[in-house]
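S.K.: My structure is below; once you've seen it, I'll send some questions.
Bear in mind that the values in this text are calculations on the coordinates, not laboratory data. Quick caveat, the model's predicted, so the values are computed rather than measured. Reconstructed Cβ throughout: ideal geometry from the backbone, glycine too, with neighbour counts over all protein chains shown.
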Amino acid sequence: MTNYEIMFIVKTTMESDKIKGTIDAMKKIITDGKGKIVDTKDMGERKLAYPIKKELTGYYYVLKLEASKEVIAEFDRRASIDENILRHLIIKLDEE
């Protein structure tokens, strides 16, 4: 398994239950694929540098995890088609 860090931004114009549901769904993709979430960081609501899909603010969330490249590919695919996720970034961390 490889170490990754994933940051994603969720729309804030939704109800808080739907925001939490979107975050839980993204975590579930990793755990269903036998990945292990090492650390989670809730960075809260922040103003975007520029409007994305007519949104001015976003809810930032960071995950540090261990997963296979297949799980990461599935996360990337699902995050790309999820209309509640404005942006996501996947970084492969160096082995220590």
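S.K.: Would you please name the residue that is surrounded by the fewest Cβ atoms within 10 Å (Cβ to Cβ), looking only at residues in the range 10-38 that are in a helix (DSSP H, G or I) and small (Gly, Ala, Ser)?
M.R.: It comes out as 16.
S.K.: Tell me which residues, restricted to the range 20-49, are of a type in the set (Lys, Arg) and either touching a helix residue (DSSP H, G or I) at 6+ places or on another chain (Cβ under 7 Å) or touching a residue at least 24 places away in the same chain (Cβ under 8 Å) (or both).
M.R.: Listed by number, the residues that qualify are 27, 34, 36.
S.K.: Looking only at the range 40-60, count how many residues are part of a strand (DSSP E or B) and either touching a Lys or Arg at 6+ places or on another chain (Cβ under 7 Å) or farther than 17 Å from residue 89 by Cβ (or both).
M.R.: Within the range 40-60, residues that are part of a strand (DSSP E or B) and either touching a Lys or Arg at 6+ places or on another chain (Cβ under 7 Å) or farther than 17 Å from residue 89 by Cβ (or both) number 10.
S.K.: Let me ask something additional. Only one of (1) surrounded by 13 or more Cβ atoms within 10 Å (Cβ to Cβ); (2) not in a helix (DSSP H, G or I) fails for residue 74. Which number is that?
M.R.: (2)
S.K.: Ok, one more. Kindly evaluate residue 89 against the criterion of being part of a strand (DSSP E or B) and surrounded by fewer than 18 Cβ atoms within 10 Å (Cβ to Cβ).
M.R.: Answer is yes for this residue.
S.K.: Would the range 63-71 turn up any residue that is among the β-branched types (Val, Ile, Thr), under 23 Å from residue 3 (Cα atoms) and not in a strand (DSSP E or B)?
M.R.: Scanning the range 63-71 turns up at least one residue that is among the β-branched types (Val, Ile, Thr), under 23 Å from residue 3 (Cα atoms) and not in a strand (DSSP E or B).
S.K.: Still on this structure, I have one more. For the range 46-73, give me the residue count where each residue is charged (D, E, K, R) and over 18 Å from residue 25 (Cα atoms).
M.R.: 6
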